[in-house]
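Asker: Below you'll find the structure I mean.
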Amino acid sequence: MKAWCKAGLSTTYYRAGEEDDLRRISRLVNVAQSAIQRWNNLVTPDIEAGDILQIGWIAYDKYQVPFANNATMPVTPPVATTGKPPVSKTPVTNPAATVKKPAPVSTPAQSIQPDDDDTLEEVSAYAQLYDQQTSGNTNFNEEQGAAVFYPLKTKVGPGVYYAFHNTAARGSILKIMNPASGKIIYAKVIGTLPNLKEYHNAVIGLSNNSIGVLGATDQRMFCKIKYR
């Protein structure tokens, strides 16, 4: 209960695709169709490709990490248009809500840096490399959770992004999407996540030159990842 009261809530959105309808989106995000219509002031269930729909909220602890790995946490919106959903009085049973604050880690930051031979010409092929690795985006692993942005100390050209990830092989390409903005980047894996408190409960570390491109507004954001 205390963890929930101290939590923040971030609205989650979904960008409708060409084949999407409200019923399909409702099943996909596990939220009642009537709730989605009500939250978005839809008189009818008709939507068009490109429409951005509110589909729920994500609760964050003091480290700005989602309580759950689900992309959405539906909450009944308030009657008054205050812009914030009401605080639930139902006790939160998710174990992430009771995680104790980790002790400060004194381990120095990893010194892994991007490869010196990464040029803009090479990076322009990142999307093609991803397609090759995933057999045309048909054979891939999916993951979602908190992304942490870290300062990039090496100067790189536009469109060059790097990532820390514990599962994908070093040198492989990740496809990262911000569901809130619908924006996507391709990033090259340069190592595993550092054992530092800044990465607590994070699934990926991204070079901070990708913040604006992804439409992020903080040093952490919820993201979806595809990789092979």
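Asker: Can you compute the charge dipole magnitude of segment 164-228 about its Cα centre, using +1 on each Lys and Arg Cβ and -1 on each Asp and Glu Cβ, nothing else charged? Give it in debye, rounded to the nearest 20.
Answerer: 260
Asker: Compute the whole-percent fraction of alpha carbon pairs in segment 120-227 spaced more than 15 Å apart.
Answerer: Values: 3460 of 5778 pairs.
Within segment 120-227, distances greater than 15 Å cover 60 percent of Cα pairs.
Asker: Pairs K183/K226; K153/K188; K155/K197; K183/K224; K153/K197; K153/K226: which exceed 22 Å Cα-Cα?
Answerer: Pairs exceeding 22 Å: K155/K197; K153/K226.
Asker: If you count, for each residue, the other Cβ atoms within 10 Å and average over each peptide, how do 167-178, 29-40 line up from highest to lowest?
Answerer: 167-178, 29-40
Bear in mind these aren't lab numbers, they're just calculated from the coordinates by the rules spelled out. Owing to the predicted nature of the structure, the values given are computational and were not obtained by experimental measurement. Positions of Cβ are generated from backbone atoms using ideal geometry, with glycine treated the same way; all protein chains shown enter the neighbour counts.
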